[in-house]
1. In the list 21, 49, 34, which residue meets the criterion of being touching a helix residue (DSSP H, G or I) at 6+ places or on another chain (Cβ under 6 Å), small (Gly, Ala, Ser) and either near the ligand (Cβ under 8 Å from one of its atoms) or more than 30 Å from residue 310 (Cβ to Cβ) (or both)?
2. In segment 308-326, what residues are charged (D, E, K, R) and in a loop (DSSP other than H, G, I, E, B)?
3. Picking from 92, 105, which residue would you name as being in contact with a Cys (Cβ under 8 Å, 6 or more places away or on another chain) and either surrounded by 21 or more Cβ atoms within 10 Å (Cβ to Cβ) or at pLDDT 95 or above (or both)?
4. Would you mind finding the one in 305, 297 that is in a loop (DSSP other than H, G, I, E, B) and within 19 Å of the chain's Cα centre (by Cα)?
5. Take segment 1-18 and flag every residue that is under 20 Å from residue 94 (Cβ atoms), more than 9 Å from the ligand (Cβ to nearest atom) and out of contact with any Cys (no Cβ under 9 Å at 6 or more places or on another chain).
6. Hey, can you tell me all the residues within segment 278-325 that are hydrophobic (A, V, I, L, M, F, W, C), under 21 Å from residue 130 (Cβ atoms) and surrounded by fewer than 19 Cβ atoms within 10 Å (Cβ to Cβ)?
7. Does any residue in segment 40-59 that is touching a residue at least 40 places away in the same chain (Cβ under 8 Å) come within less than 7 Å, Cβ to Cβ, of a residue that is assigned to a loop (DSSP other than H, G, I, E, B) six or more places away or on a different chain, and which pairs are these?
8. Confirm whether residue 100 is crowded, with 23+ Cβ neighbours inside 10 Å and over 19 Å from residue 285 (Cα atoms).
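The values are calculated or read from the model by the stated rules, or taken from the named source; none is laboratory data. This is a predicted model, so every value here is computed, not measured. Note that each Cβ is placed from the backbone with ideal geometry, even for glycine, and that neighbours are counted across all protein chains shown.
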Amino acid sequence: MKRYKWGILAPGRIAEKFAEGLKLLPNAELWAVGSRDLSRATDFAGRHGFVRAYGCYGELAADSDLDVVYIASPHSHHHEHTMLCLGHGKHVICEKAFALNLREVDEMIAEARSRGLLLMEALWPPFQPSYREADAIISSGRLGKVLSIAGRFGFNSPYSAEARTYNLALGGGSLLDIGIYPVMDILRYMGIPDDISAVASFAPTGADDSLLAVLGYADGRRATAYSSFIDEAGVGTTFILEKGRIILERSRPGGQLLTVEADGKEPAVSSFNPPASGFAPEAAEVMKCLDAGAAESSMIPLSFSHDLMQLLDRIRIAAGIIYPGRD
Ligand SMILES: NC(=O)c1ccc[n+]([C@@H]2O[C@H](COP(=O)([O-])OP(=O)(O)OC[C@H]3O[C@@H](n4cnc5c(N)ncnc54)[C@H](OP(=O)(O)O)[C@@H]3O)[C@@H](O)[C@H]2O)c1
């Protein structure tokens with residue numbers, strides 16, 4: 001079994017969970033952590049058992065023993081940090097949103113392809129057991145075609161102008177942070193929409209604190225995506241199919257619930273409680289690709305990340321969401 005030396009760039013909140021996931025994987029070696037501050041890197045490395053700690057991202061990227069880097073900085077910096085790591089010959093899995101706009105995403109993809117390095121967007125729901133089961137039912141076709149999807153992701157994030165969620169300079173805003181999930185579901189199962197209507201409400205910083213998008217298809221189908229940092233709407237997706245409905249509830253803290261309502265049958269409800277570190281399957285997928293010599297994952301292909309950012313750009317424009325200097 002080949003073991004891969006992992007690095008973590010930006011040891012913030014989500015990096016804590018990803019590190020827990022890595023610990024579950026026998027082929028993952030917790031190798032190095034890079035922070036803007038050496039004491040933060042040293043603290044994180046010590047708590048999780050990483051071997052090396054760096055007080056600057058460039059030193060992490062230049063570590064010649066490192067195989068693959070997980071990028072967990074704010075999305076405003078994903079393009080810069082991905083290009084840095086690819087430039088040093090490292091494979092990369094980068095948190096969502098992949099970048100701030102399509103131009104940045106396309107540059108990242110082109111750089112990875114030109115260097116023959118793996119690049120993957122860290123979209124974790126498709127790796128979760130409840131999602132995989134829903135995916136298997138939809139893909140089997142036994143409930144027919146997907147006619148409509150209603151997805152929501154909402155929680156209360158107290159306002160602070162400096163918080164990553166509200167600070168435009170850090171890519172703040174509900175669409176890119178959490179609205180990306182219902183939009184991802186719609187893109188996966190209904191494809192690229194023909195028309196888009198979207199409305200957002202804005203925090204004093206100019207970040208969208210809530211957003212509702214209606215995506216329309218030429219054949220008359222509709223889908224809706226809702227995101228909010230204001231209300232506790234929870235996390236869930238309802239798929240309406242020709243012969244039934246599938247409801248995925250992923251709200252914290254109650255675990256995940258999958259309800260399948262096939263026409264004429266009693267609803268079947270399954271509950272899933274993935275381990276706290278539900279991020280392990282994502283990291284496992286990266287190493288599976290590397291074992292196979294693949295430069296991208298068939299679970300989250302780069303073409304999907306391209307289409308997703310293109311769709312997010314269109315929704316942003318429709319809703320009037322602007323990242324100054326980044327459009
Ligand atoms: N997959 C998921 O479920 C999930 C969940 C939450 C967040 N995320 C994504 O993960 C990324 C990080 O989110 P998070 O909640 O972990 O954020 P966070 O706790 O604020 O951590 C981000 C880290 O980025 C580094 N950083 C680099 N430049 C920075 C800057 N200019 N300002 C602030 N921090 C900067 C900081 O680490 P150092 O200064 O120590 O280097 C900071 O700790 C976001 O893109 C977010 O969308 C994904």
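1. 34
2. Scanning segment 308-326 gives a single hit, 326.
3. Matching residue, one of 92, 105: 92.
4. That would be 297, the only listed residue that is in a loop (DSSP other than H, G, I, E, B) and within 19 Å of the chain's Cα centre (by Cα).
5. Matches in segment 1-18: 4, 5, 6, 8.
6. Correct list: 284, 299.
7. none
8. Numbers: crowded, with 23+ Cβ neighbours inside 10 Å: yes; over 19 Å from residue 285 (Cα atoms): yes.
Yes; evaluated as a whole, the condition is true for this residue.
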